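The structure appears below as structure tokens.
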Amino acid sequence: MLVSGCSGGQAAAPPSTPAPLDAARLRAALLPTPQGMTVSYGPETGAYGSLKATKQGLEALRSAKVDKPGCAGLGQLDPAKLGAAPAAVVAYSSKQGSITQAIVVTDAFPGPIPARCASYKADVDGTKVTYRTDALDMPKRGDQSRAFLTTATSRGSSAQIGAVMIARKGVVTSLLVLGKEVKKDGLAELGRLADEKLARITT
């Protein structure tokens, strides 16, 4: 309803409100294809629990037999609790590794990794894997942020998974970087770029 103003009897403009975060705006906040990488999945938008990447991640968690129950998947968004939340996901890959990014409309934010889960073992389709996770000290982004580096070792070889989570005004972006060696500086730069894109759709 318009309310008459005091000057010239003209109607005052209603206060502006941010546009709703629909699939198109979430997709616009995804990182562009990094140099030297190609799109391997997506971009896909929709309810978080319905996305192909989410379902595959859940299947992987269910198939892994962990020696410390409850430790697998910690530090990440929980699809079981965020199934209906609007989301956008994309994945990029190269010979050196992959980057997967998800943007989800939610106020939930993963907590720190409990001390008992800093190291655990899992049986993944008959392969024994040891996981060791360390919290990373990185510049704060958005309203809150968190970063981890997990080293997975199996049969004498290892790979690393870097994770960056950033929350800004009811939206969370998650970055997972997989490679033989994940550099902290590279993770920090990805986090900076992702937060800049996130800020554009939440202001």
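Out of the stretch 178-195, which residues are open to solvent by less than 20 Å² (accessible area, probe 1.4 Å) and either touching a helix residue (DSSP H, G or I) at 6+ places or on another chain (Cβ under 7 Å) or part of a strand (DSSP E or B) (or both)? Talk me through it step by step, then tell me what you get.
Taking the stretch 178-195 and keeping what is open to solvent by less than 20 Å² (accessible area, probe 1.4 Å), we get 179, 182, 187, 191, 194-195.
If the condition is that a residue be open to solvent by less than 20 Å² (accessible area, probe 1.4 Å) and either touching a helix residue (DSSP H, G or I) at 6+ places or on another chain (Cβ under 7 Å) or part of a strand (DSSP E or B) (or both), then Gly179 is the only one that fits.
Can you name every residue in the stretch 106-152 that is of a type in the set (Gly, Ala, Ser) and closer than 22 Å to Gly186 by Cα? Show your work before the answer.
Taking the stretch 106-152 first, the residues of a type in the set (Gly, Ala, Ser) are 108, 111, 115, 118-119, 122, 126, 135, 142, 145, 147, 152.
Across the stretch 106-152, the qualifying residues are Ala135, Gly142, Ser145, Ala147, Ala152.
Quick check: is even one residue across the stretch 54-76 exposed (fewer than 12 other Cβ atoms within 10 Å of the Cβ), touching a residue at least 60 places away in the same chain (Cβ under 8 Å) and farther than 21 Å from Gly191 by Cβ?
The answer is yes; a qualifying residue exists.
Quick one: is Gln160 part of a strand (DSSP E or B) and under 25 Å from Gly46 (Cβ atoms)? Even if it seems obvious, please write down each step before you answer.
Numbers: part of a strand (DSSP E or B): yes; under 25 Å from Gly46 (Cβ atoms): no.
Judged against the criteria, Gln160 is not a match.
Just give me the residues in the stretch 145-172 being open to solvent by 40 Å² or more (accessible area, probe 1.4 Å) and of a type in the set (A, V, I, L, M, F, W, C), in sequence order.
Ile161
Conditions (1) part of a loop (DSSP other than H, G, I, E, B); (2) farther than 30 Å from Ser119 by Cα; (3) at pLDDT below 90; (4) out of contact with any strand residue (DSSP E or B) (no Cβ under 9 Å at 6 or more places or on another chain), marked per residue:
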| position | (1), (2), (3), (4) |
| --- | --- |
| Met1 | yes, yes, yes, yes |
| Ser16 | yes, yes, yes, yes |
| Leu21 | yes, yes, yes, no |
| Leu30 | yes, yes, no, no |
| Thr33 | yes, yes, no, no |
| Gly46 | no, yes, no, no |
| Leu58 | no, no, yes, yes |
| Leu77 | yes, no, yes, no |
| Leu82 | yes, no, yes, no |
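The values are calculated or read from the model by the stated rules, or taken from the named source; none is laboratory data. What you see is a predicted model, and the numbers here were worked out from it, not measured in a lab. Reconstructed Cβ throughout: ideal geometry from the backbone, glycine too, with neighbour counts over all protein chains shown. Side chains included, ligands, DNA and RNA excluded: accessible areas come from the protein's heavy atoms. Shrake-Rupley method; radii C 1.70, N 1.55, O 1.52, S 1.80 Å.
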